[in-house]
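Step one of this worksheet: look at the structure below.
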Amino acid sequence: MNDMSDTEHGIGESRREIVLRPTAPIVPAGNIAGSSLMFVISIMSFLACLTLGAVIMVQDTANSWQSQISREITIQIKPEPGMDLDAELAKARDIALSFTGTTAATIVDPAATARLLEPWLGEGLDLEELPVPRLVIITIDEAAPPDFAGMRLALEESVQNVFLDDHRTWVDRLVAMANTTVIIGLCVLALVFTATILTVVFATRGALSGNHHIVEVLHFVGAEASFVAAKFQKHFFLIALKGALAGGIAAALTFALASIWASASMATPESDQATALFGGFSMGAGGYIGALAIVIITAVLTALTTRITVIRTIMEIDLIRSDPTRSI
């Protein structure tokens, strides 16, 4: 009995001493290919988010321009020697206000006119030395605009050197420019996603080449193609998610810093012109939601591309096994 107890005790100690080694992943988590792929995906995600933000920013600015232009018209009066410019400006304002559909009229004073010309002509501009036209800004009712032809005729009959600009030509150009910008941006996004898919395909094939013997052994001992593909899919999905998230955050920080710069340099000629062209350098809520969508789409596309590539590679292994004359 004692001998049996001692034997059982020894077997128990041997069993307690047995420690199972943790299984290693099929795809090493920190391989060089994975790090390179993460870096490439972060760059492409950054470019995609920048493109999306730029498209949204230009689109919003163009819509703002279109809205402002569609509710305002401009009366220009060019000065000439002997003309009472202030009287002519007041007369033009009164004529414009007499038409149904105009809601307000503002004469742009010389200081504001000089400020508009500062970026091109410099500071300390004396308008009396140059034949710079003076402006009257007329606000109109967008729902019921005035008779522009009748207003133009009345101004030409009563005011000297007058020109009425209803901005319709500029509105058409802005709409065409905005549409072209959106199309170009969408094409760039499509190219970025295409490059991402091709990069993932080559990176996956590289990882398969490095682990080809493991994949082949697993497949031959009974591992389903879907099982092996799921391992690679999870690995590359996490890589793509980290890289795309890093690129999206970098793009968001870029727009945030640009917005802070625009706010800090406000009321300067350079900032006024940049704001007029590009708005407040802010993507808005829609831009950040779009950037998040790009991150998710990039990760999902990477996972799907990886799965398809792995399954096709395993199918090629089966073809080679059935017909050795074939080669991958």
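The values are calculated or read from the model by the stated rules, or taken from the named source; none is laboratory data. Just so it is clear, the structure is predicted and the values come from calculations on it, not from any experiment. Every residue, glycine among them, receives a Cβ derived from its backbone with ideal geometry; neighbour counts consider all protein chains shown. Heavy atoms of the whole protein, side chains included, go into the accessibility calculation; ligands, DNA and RNA do not. Shrake-Rupley method; radii C 1.70, N 1.55, O 1.52, S 1.80 Å.
Looking across the range 46-95, just one residue is touching an Asp or Glu at 6+ places or on another chain (Cβ under 8 Å) and part of a loop (DSSP other than H, G, I, E, B), and that is 71. Kindly evaluate residue 277 against the criterion of being part of a helix (DSSP H, G or I), over 27 Å from residue 63 (Cβ atoms) and either open to solvent by 60 Å² or more (accessible area, probe 1.4 Å) or at pLDDT 85 or above (or both). Against the criterion (part of a helix (DSSP H, G or I), over 27 Å from residue 63 (Cβ atoms) and either open to solvent by 60 Å² or more (accessible area, probe 1.4 Å) or at pLDDT 85 or above (or both)), residue 277 does not qualify. May I ask you to list the residues in the range 63-106 that are of a type in the set (Val, Ile, Thr) and surrounded by fewer than 17 Cβ atoms within 10 Å (Cβ to Cβ)? Within the range 63-106, 74, 100, 103, 106 qualify. The residues in the range 200-226 that are exposed (fewer than 15 other Cβ atoms within 10 Å of the Cβ), at pLDDT 75 or above and either polar (S, T, N, Q) or in a helix (DSSP H, G or I) (or both) can be counted, and the count is 4.
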